[in-house]
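What follows is calculated from the coordinates using simple rules that are stated; it is not laboratory data. Note that the structure is predicted; figures quoted are calculated from it, not measured. When we count neighbours, we look across all protein chains shown, and the Cβ atoms used for this are built from the backbone with ideal geometry, even at glycine.
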């Protein structure tokens, strides 16, 4: 599955809030803010996502019951985590890239 999305962030109550916006497909313009990502290191190695729907053309209660939405969000979160891990490894393995 491929999903085109972009990250976004805002300042809210003196905190940085970040999330994603879907760019095309069934969930175009869907924007969520990420509250928490929890990785459980058990036999399932599961990831749970706590989020708020900021904007959607589809009512939030319909999203929760849509398996395609669950699959889309799973792909996006996996992609975000892989990119973050790669960036972290690149930064830590290359002193010229360290901040």
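Name the pairs: first residue in the range 1-26 and at positive phi and touching a residue at least 12 places away in the same chain (Cβ under 8 Å), second residue part of a loop (DSSP other than H, G, I, E, B) and surrounded by 15 or more Cβ atoms within 10 Å (Cβ to Cβ), Cβ to Cβ under 9 Å, at least 6 apart or on different chains?
25/3
Restricting to the range 57-87, name every residue that is farther than 19 Å from residue 38 by Cα, free of Cβ contacts under 8 Å to residues at least 24 places away in the same chain and either touching a strand residue (DSSP E or B) at 6+ places or on another chain (Cβ under 6 Å) or loosely packed, with under 12 Cβ neighbours inside 10 Å (or both).
The answer is 59, 60, 61, 62, 65, 67, 87.
Name the residues in the range 40-49 that are loosely packed, with under 10 Cβ neighbours inside 10 Å and under 18 Å from residue 77 (Cα atoms), would you?
Pass one, the range 40-49, residues loosely packed, with under 10 Cβ neighbours inside 10 Å: 41-45.
Across the range 40-49, the qualifying residues are 41, 44, 45.
Residue 26 fails exactly one of the following numbered conditions: (1) part of a loop (DSSP other than H, G, I, E, B); (2) under 18 Å from residue 79 (Cα atoms); (3) in contact with a helix residue (DSSP H, G or I) (Cβ under 8 Å, 6 or more places away or on another chain). What is the number of that condition?
For residue 26, the exception is condition (2).
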